Amino acid sequence: GELTADQRKILKYVVQQAPDARIKLAVEGGALSASAFILGTDETVIGMGGFTNSDNAPSVAQLKEWTKNGELRYVLGSDTDGGGRPMMSGGYAQQRSDWIADNCTKVAASAYGGTSSQADGGGASGPMGGGTVLYDCAAK
């Protein structure tokens, strides 16, 4: 349940950049991938996809609404097709990944004190793979 140094940097960055967002961070890969963030902070962090990343929670419609209203700005996803996990192709996870790829911008790891290797797939992932790339989904 403890955040790694890299996860603390990401969380600090998203809280500073979007202090009024109701949901500070959404993490691809389900609850297990988000568990350190959920247990290791008092900030509101969600694991997208339910427990195993297969649920329609949040739906793409919810992501659209949350980002449009400023309730959510940042997503921690993977670099595969914009946000999803390579091993979870198809279904709701893929729909979310496609939406992230089309509507969000990758944040350079250097912006939050990370390294380029983190942005290329190392450092911040959860126990089930989870996200390694931070995306800014501010409404365009």
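The values are calculated or read from the model by the stated rules, or taken from the named source; none is laboratory data. These numbers come from a predicted model, not from an experiment. Glycine gets a Cβ as well: all are built from the backbone with ideal geometry, and neighbour counts include every protein chain shown. Side chains included, ligands, DNA and RNA excluded: accessible areas come from the protein's heavy atoms. Shrake-Rupley method; radii C 1.70, N 1.55, O 1.52, S 1.80 Å.
Points to keep in mind about this one:
- For segment 36-48, residues that are assigned to a loop (DSSP other than H, G, I, E, B) and more than 16 Å from TRP66 (Cα to Cα) total 4.
- Here VAL45 does not fit the description of being out of contact with any helix residue (DSSP H, G or I) (no Cβ under 9 Å at 6 or more places or on another chain), open to solvent by 10 Å² or more (accessible area, probe 1.4 Å) and either touching a residue at least 60 places away in the same chain (Cβ under 8 Å) or under 12 Å from ARG73 (Cα atoms) (or both).
- Of all residue pairs spaced 6 or more apart or on separate chains, those with beta-carbon atoms under 8 Å, a first member in segment 17-35 that is modelled with pLDDT of 95 or more and part of a loop (DSSP other than H, G, I, E, B) and a second member that is surrounded by 19 or more Cβ atoms within 10 Å (Cβ to Cβ) and of a type in the set (Gly, Ala, Ser) are LYS24/ALA18.
- Checking LEU134 against (1) more than 17 Å from VAL14 (Cα to Cα); (2) at pLDDT 95 or above, the condition it does not meet: (1)
- Among (1) surrounded by 18 or more Cβ atoms within 10 Å (Cβ to Cβ); (2) modelled with pLDDT of 95 or more, the one test that ALA93 misses: (2)
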